[in-house]
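The values are calculated or read from the model by the stated rules, or taken from the named source; none is laboratory data. The model shown is predicted, which means the values in this text are computed figures rather than measured ones. With ideal geometry, Cβ positions are generated from the backbone for all residues, glycine too; neighbour counts draw on all protein chains shown.
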Amino acid sequence: MLVFCNILGITSEPDAIATRSLQYKKRTSIQNTSQAIIRLSHVINITGLRIHFTKPNPSLVFLKKIFSNNTFKTVWNKITLYGIEFNSEIVNFFLNMADRRKEFQIFNSDMPLDFKHKNAFKFGTTDYGDARWVTLSDMFQIRGVENVSLGRTTLTSINVRHFIARFISSADDMFKWMHIRAMETIQLEGLFNNLVVLERHADSPNIGYFTLAMSSSRIYKLLFIHHNIDSVTLSAWKPSEVVKYGNTKKEVKKVYVIMKLLKRKKTLEKKFEESRDATKWRELSNRIQKLKRKIHKLGVVYRDGRATI
């Protein structure tokens, strides 16, 4: 539902024939909108308020008035700055309100290359269309958020490789989903050599790689790296999670089971290589073959020695 409020407190819907008054006293547009939200909340369940700012830039005075209003202060859950002329006071104003339950976006706006803020990645969801100012050090600080998206960056292939390695080895959950676009083609060859990996070739030439978080303390243990030419999308899931793709739902439990079997197989293969006892060899060989059959039944095939689904 869309509701428009003017300074006289008159509201209308786009397809409505008539308008009606929410206020009989002349009030500001902020007060009228606040009143409309309160009245609507008595009729429908309002889970959050998305506020979209475009040119001309809102003044800092105006923003302070909006967010000093109790309704706006408590109900907003997403801020989008679209096409505004960058203003550090305005951006800092919003970043100072960082909350992991809320979202913050800046699109179609050039940001200074030296921009910094301690809360830049402390919203639940953060989107920066111009992320050329973001450094690898900034990204290493991300912890416990939902989604992060970085559009234009100055990140190299080596930077992205380092970040993926940190994503896998981190002792803490960093995020559930993150998209990164680099300034050049991203080369991932050799990055997964010492890891247990399951490749996914559903939409070639793009390739996806499942692997496991190294730390047992992570809640989101199943990791997925989707690689395009100059971008990667990183995902982290709980082993029991059900993931939605449009109107379909897929359990990741099967993939997690496969990953655990692959990890066990790799451990046994290492023991097999290190053993000098013939009896132990036979025992390990039988266990490895049994695991291979289980893995095959779950739909895994090997391409050039790499487990693929």
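The number of residues in segment 163-209 being at pLDDT 95 or above and surrounded by fewer than 12 Cβ atoms within 10 Å (Cβ to Cβ) comes to 3.
The criterion of at least 1 residues that are out of contact with any His (no Cβ under 9 Å at 6 or more places or on another chain) and of a type in the set (S, T, N, Q) is met by the following strands (runs of 3 or more DSSP E) wholly inside segment 134-246: 207-212.
Here Ile79 clears all of (1) touching a helix residue (DSSP H, G or I) at 6+ places or on another chain (Cβ under 7 Å); (2) more than 22 Å from Val148 (Cα to Cα) except the condition numbered (2). Restricted to segment 125-144, and to residues there that are in contact with a strand residue (DSSP E or B) (Cβ under 7 Å, 6 or more places away or on another chain) and surrounded by fewer than 20 Cβ atoms within 10 Å (Cβ to Cβ), the residue that is nearest to Lys238 (Cα to Cα) is Asp127. Per this entry, Arg181 is counted among residues that are within 16 Å of the chain's Cα centre (by Cα), closer than 30 Å to Lys116 by Cβ and in the same structural domain as Gly124 (by the TED database). Evaluated against (1) of a type outside the set (Asp, Glu); (2) in contact with a Cys (Cβ under 6 Å, 6 or more places away or on another chain); (3) modelled with pLDDT under 75, Asn32 falls short on exactly one condition, (3). Checking each residue in segment 214-236 for being of a type outside the set (Phe, Trp, Tyr), surrounded by 17 or more Cβ atoms within 10 Å (Cβ to Cβ) and without any contact (Cβ under 8 Å) to a residue 40 or more places away in the chain picks out Lys221, Leu222, His226. The single condition among (1) within 20 Å of the chain's Cα centre (by Cα); (2) more than 27 Å from Thr185 (Cα to Cα); (3) of a type outside the set (Phe, Trp, Tyr) that Asn206 does not satisfy is (2).
Of all the residues in segment 66-96, those that are under 28 Å from Ile38 (Cβ atoms) and exposed (fewer than 15 other Cβ atoms within 10 Å of the Cβ) number 6.
Going residue by residue through segment 290-298, is there one that turns out to be assigned to a loop (DSSP other than H, G, I, E, B), surrounded by 11 or more Cβ atoms within 10 Å (Cβ to Cβ) and either of a type in the set (A, V, I, L, M) or in the same structural domain as Arg181 (by the TED database) (or both)? Taking every residue of segment 290-298 in turn, at least one turns out to be assigned to a loop (DSSP other than H, G, I, E, B), surrounded by 11 or more Cβ atoms within 10 Å (Cβ to Cβ) and either of a type in the set (A, V, I, L, M) or in the same structural domain as Arg181 (by the TED database) (or both).
Contact annotation: residue pairs with Cβ atoms under 8 Å, 6 or more positions apart or on different chains, pairing a residue in segment 29-58 that is assigned by the TED database to the domain that holds Ile106 with a partner that is small (Gly, Ala, Ser), are Asn32/Gly9; Gln35/Gly9; Thr54/Gly83; Lys55/Gly83. There is no residue in segment 44-54 that is farther than 27 Å from Asp127 by Cα and modelled with pLDDT under 50.
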